[in-house]
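Undergrad: Just dropping this structure here.
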Amino acid sequence: MLEELSARQLRDKIVRGEVKSLEATESVFERIEQRDPVVGAYICICKDEALDKAAAVDRRIAAGEQVGALAGVPIAIKDNFCTTFRETTCASKILENFKAPYNAGVVERLEAADAVIVGKCNMDEFAMGSSCENSALKQTVNPWDTSRVPGGSSGGSAAAVAARMCYASLGSDTGGSIRLPACFCGVVGMKPTYGRVSRYGLVAYGSSLDQIGPFATTIEDAALLMNVIAGHDPRDSTSVSEDLAPVADCLADLEKPVEGLKIGVAREFFDVEGLHRDVEQAIRAALKVYEGQGATLVDVSLPHMKYAIAAYYLIATAEASSNLARYDGVHYGHRTANPKDYIDVYNASRAEGFGPEVKRRIMLGTYALSAGYYDAYYLKALKVRNLIRQDFIKAFEQVDCLICPTSPEPAFRIGAKMDDPLTMYLSDIYTIACNLAGIPGLSIPCGFSSDELPVGLQILSGTFTEAKLLRIARIFEKETNYHNQKPKFIETKG
Ligand code: GLN
């Protein structure tokens, strides 16, 4: 069945002429039509363009032409990537009708690899959130249990892969927005090293933290997507030169286990208040699987981890307050209908266009940057960020990677945390430090809770070691069967 194939398997079949991309793409749209009215993963679908592209790839293959690494494979993207072919809404009223004048760097790369882009996915407004509930446009639900959140902010991208409404997708991760929804939806999600993937055309949230990465059902597919999207882009000034950090082929040695693997286990990761028993058990069982494969567990300490949430919610909001200043009713997006005067153009357009969480972030960030508070909050947070980075550097002198939960608990119920932003922010306790340090991180399915919700295992490694990180994840995937599981919803929905 087409639905059972991974992106890599589908691509190989398409290239060998055994399956037509058009057939695969049409079947994806059928699944979207059946399932997305319930899941709500997509903000828009690009059916006509996708079918044209698929047919074109089929024709080129039939003519014996060379095709790209994702030839004919239906892929989804998050709706904060600029595209000329559809609106880029960031799930915000302020950008509801915004059409970008250019394509994001990663969109160009997907197209150059002959991927078929099927649609743009729901998210928390401007990527601010952990549950997708902050979307101003719609609610995405978790395909494993539709009364629960898919995680955020890239909840749509994760749910689309989990419900097999695309073969893989891309999201963005500022403080966990790829890894947390991957964990909640039982798929693989990876945040690359800061600077590895171009942010050109990614609508900015926290520019020093944002990074684009893949969602997939297998590690191999995540590696395949990394190969397509990684690399220097002169249009993103923080994109790292390939002379300084050559781009590794993530697929090349994927099956080779890491010799003498040393895994760091930080005490701080298990001392977290609210760590769900089922999650802790699944992580401890996963560590046993690694030990069974010859890995050594090493106790390490990350003494500044406990300040990560506080530092992140100052730095990310400070950067957001500056980045979001551009939505002024003049340059982009929504403009109020009857302004009293020109000041009101700004005030009313922003008041009408932004949702409550975005306003909260702008206020927090503006406060942290204001004269008199800058040193006490923002500057201090930057210093803490440096200490957290040092903790990781020290740890990676002793070990190849660190393993911990991706989230303290499985997917929570829709509405459970909406009245309490601080509780919502605590969902990011395991994912945020990785962005502050700029290192790569990955979440893979590693078990189920007693109420049959997926549990995610997070693996973190040193800067620019994505290929090794994926190899480490593959060791676990080979020994277990969690990635092969599909949400029950699919069986009932067909
Ligand atoms: N939940 C975090 C936040 O709201 C992270 C979001 C993200 O990674 N974009 O800021």
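The values are calculated or read from the model by the stated rules, or taken from the named source; none is laboratory data. Everything quoted here is computed from the prediction, not taken from an experiment. Positions of Cβ are backbone-derived with ideal geometry, glycine not excepted, and every protein chain shown enters the neighbour counts. Surface areas here come from the heavy atoms of the whole protein model, side chains and all, with no ligands, DNA or RNA. Shrake-Rupley method; radii C 1.70, N 1.55, O 1.52, S 1.80 Å.
Undergrad: Rounded, prolate or oblate: which one fits region 93-158, using the alpha carbon gyration tensor with axes a ≥ b ≥ c (rounded when a/c is under 1.5, else prolate when a/b beats b/c, else oblate)?
TA: Oblate.
Undergrad: Still on this structure, please answer the following. Before I look further, what does region 1-92 give for accessible area per residue, probe 1.4 Å, in whole square angstrom?
TA: With all protein chains present, region 1-92 gives 40 Å² per residue.
Undergrad: Binning at 5 angstrom from zero up to the longest distance, how are the C-alpha pair distances of region 1-131 distributed in percent?
TA: Percent of pairs per bin, in order: 2, 11, 20, 21, 19, 14, 8, 4, 1, 0.
Undergrad: Accessible area per residue, 1.4 Å probe, Å², for region 181-322: what's the number? Working shown, then result.
TA: Details: 5320 Å² over 142 residues.
Averaged over the residues of region 181-322, the accessible area is 37 Å².
Undergrad: To the nearest 20 debye, what is the magnitude of the charge dipole of region 273-330 about its Cα centre, counting +1 on the Cβ of each Lys and Arg and -1 on the Cβ of each Asp and Glu?
TA: Charge dipole of region 273-330: 40 debye, to the nearest 20.
Undergrad: I've got another one for you. Show me the helices of the chain, taken as full DSSP H stretches, that run 18 Å or more along their long axis by Cα and average 0.0 or above in Kyte-Doolittle hydropathy.
TA: Working: long enough: 21-39 (26 Å, -0.44); 47-62 (22 Å, -0.58); 277-292 (22 Å, -0.41); 308-323 (22 Å, 0.73); 356-369 (20 Å, -0.03); 380-398 (28 Å, -0.43); 466-479 (20 Å, -0.31).
Those that clear 18 Å and a mean of 0.0 are 308-323.
Undergrad: Let me ask something additional. Summing +1 for each Lys or Arg and -1 for each Asp or Glu, what net charge is found among the other residues whose Cβ lies under 10 Å from the Cβ of Asn484?
TA: Net charge around Asn484: -1.
Undergrad: Can I ask one more? Within a Cβ distance under 13 Å of Asp428, other residues only, what is the Lys/Arg minus Asp/Glu net charge?
TA: Summing Lys and Arg as +1 and Asp and Glu as -1 gives 0.
Undergrad: Between Leu382 and Asp451, what's the calculated FRET efficiency when r is the beta-carbon distance and R0 is 41 Å? Round to 0.05.
TA: FRET efficiency, Leu382 to Asp451: 0.50.
Undergrad: Have a look at Gly40, Ile432, Leu314 and report the one farthest towards the positive end of the charge dipole of the chain, computed about the Cα centre with Cβ charges (Lys/Arg +1, Asp/Glu -1).
TA: Leu314
Undergrad: Positive end of the charge dipole of region 73-192 (Lys, Arg +1 and Asp, Glu -1 on Cβ, about the Cα centre): tell me which of Thr84, Asn97, Ser177 has its Cα farthest that way.
TA: Ser177
Undergrad: What's the carbon and sulfur percent of the chain's accessible surface, probe 1.4 angstrom, rounded to a whole number?
TA: On the way: 9420 of 18570 Å².
Answer for the chain: carbon and sulfur cover 51 percent of the accessible area.
Undergrad: Using only the Cα atoms of the chain, build the gyration tensor, take square roots of its eigenvalues as a ≥ b ≥ c, and label the shape rounded, prolate or oblate: rounded if a/c is under 1.5, else prolate if a/b is larger than b/c, else oblate.
TA: It is rounded, given that a/c, with a ≥ b ≥ c, falls under 1.5.
Undergrad: Also: Based on the Cα atoms of region 221-363, what semi-axes does the equivalent ellipsoid have, where each is the square root of 5 times one gyration tensor eigenvalue, given in whole Å with the largest first?
TA: Equivalent-ellipsoid dimensions as semi-axes: 44, 25, 14 Å.
Undergrad: Same structure again: Grab the DSSP H runs of the chain that are 4 residues or longer, score each as -39,500 (n - 2.57), total them, divide by all residues and round the 222 nm result to the nearest 500 deg cm²/dmol. Could the numbers behind the result be given before it?
TA: Numbers: 17 runs with 191 residues, N = 494.
Computed ellipticity for the chain at 222 nm equals -12000 deg cm²/dmol.
Undergrad: For Cys121, what is the net charge nearby, where nearby means another residue's Cβ is under 12 Å from its Cβ and Lys, Arg count +1, Asp, Glu -1?
TA: Around Cys121, the charge tally is +1.
Undergrad: Using a probe radius of 1.4 Å on heavy atoms only, what accessible surface per residue do you get for region 330-453? Whole Å² is fine.
TA: 49 Å²
Undergrad: Another question, if that's okay. Which listed residue (Leu453, Gly152, Gly355) has the Cα farthest towards the positive end of the charge dipole for the chain, taking +1 on Lys and Arg C-beta and -1 on Asp and Glu C-beta about the Cα centre?
TA: Of the candidates, Gly355 comes out farthest on the positive side.
Undergrad: Report the Cα centroid-to-centroid distance between region 8-58 and region 243-294 in angstrom, as an integer.
TA: First find each Cα centre; the distance between them is then 33 Å.
Undergrad: Answer rounded, prolate or oblate for region 147-259, using the Cα gyration tensor with square roots of eigenvalues a ≥ b ≥ c: rounded when a/c is under 1.5, else prolate when a/b is larger than b/c, else oblate. Mind dumping the intermediate values first?
TA: Values: a/c = 2.16, a/b = 1.22, b/c = 1.77.
It comes out oblate by the Cα gyration axes.
Undergrad: Asp420 to Glu65: extension gain in nm, 0.36 nm per residue of separation minus the Cα-Cα distance?
TA: Length gained between Asp420 and Glu65: 122.2 nm.
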